1. Based on alpha-carbon positions alone, could you give the equivalent ellipsoid semi-axes of region 90-136 from the gyration tensor, as √(5λ), descending, whole Å?
2. Angle, helix 95-111 long axis vs. longest principal axis of the chain, Cα atoms, 0 to 90°, nearest 10?
3. What's the Cα-based Rg to Rh of region 41-138, Rh via Kirkwood?
4. Using a Gaussian network model of the chain whose springs link C-alpha atoms within less than 10 Å, name the residue from SER130, SER96, SER44 with the highest mean-square fluctuation.
5. Return the distance in nm (one decimal) between the two label points of a simple spin-label model at TYR160 and ASP114, each offset 7 Å from Cα along Cα→Cβ.
6. Hey, got the dipole for the chain? About the Cα centre, +1 on K and R Cβ, -1 on D and E Cβ, debye to the nearest 20?
7. What is the calculated FRET efficiency for GLU57 to ALA94, with r their C-beta to C-beta distance and R₀ = 45 Å, to the nearest 0.05?
8. Using a cut-off of under 16 Å, list every residue of region 93-113 whose amide N is near the label point 7 Å from the Cα of GLU136 along the Cα-to-beta-carbon line.
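Every read-out reported here was derived from the displayed coordinates using simple, explicitly stated rules and does not represent laboratory data. Small disclaimer: the values here were computed from a predicted structure and weren't measured. Here the Cβ positions follow ideal geometry from the backbone for every residue, glycine too, while neighbour counts run over all protein chains shown.
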Amino acid sequence: MGTTAVYPGSFDPPTLGHVSLVERGLAVFDRLIVAVARNPLKSSLFTIEERVELLRESLAGFPERRIEIDRFEGLTVDYARSKGAVAILRGLRATSDFEAEFQMAMMNRHLERDIHSVFLMADYQWFFISSSTVKEAASLGADISDLVPGPVARKLKGKYPGKG
């Protein structure tokens, strides 16, 4: 069966940093589930359906048998358990990421001792980007095509017509 990890996130929108983490996660785990979280308390630029589709298009070059794109709502550890995952994969960019991720990992560990949190540092070329900064730059007309997969760049242009 092999080891399965869940890579959860809002992915609003997916960036090349996310794609890099998927690639590196597949070097560690046999199977990776990229799970788009539905958070009713957060307002998103893209619908959950759009984010799932953008991930499918952006990750189309990866082996289908090793990757799954899904959506979920609720506790990540409950979702990971339901999928038979042994780990939750998270990316870290800066020390501010670490503090929040550490707290989440400790809560997840408290709730489910058999699912481990695994952190990978962002690749240096993606260290400075986040979905939020990409959206902000795109909304102001910046060319973000070197920060996101092609399908995402096209969709962002549609969200901000007349910019860039």
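1. So the equivalent ellipsoid measures 24, 11, 9 Å along its semi-axes.
2. 40
3. In region 41-138, Rg relative to Rh is 0.96.
4. Of SER130, SER96, SER44, the most mobile in the Gaussian network model is SER96.
5. Going from the TYR160 label point to the ASP114 one covers 4.6 nm.
6. Dipole magnitude for the chain comes out near 180 debye.
7. Working: r = 28 Å, r/R0 = 0.63.
Once the sixth-power term is evaluated, E becomes 0.95.
8. Residues passing the 16 Å test: 94, 96-97.
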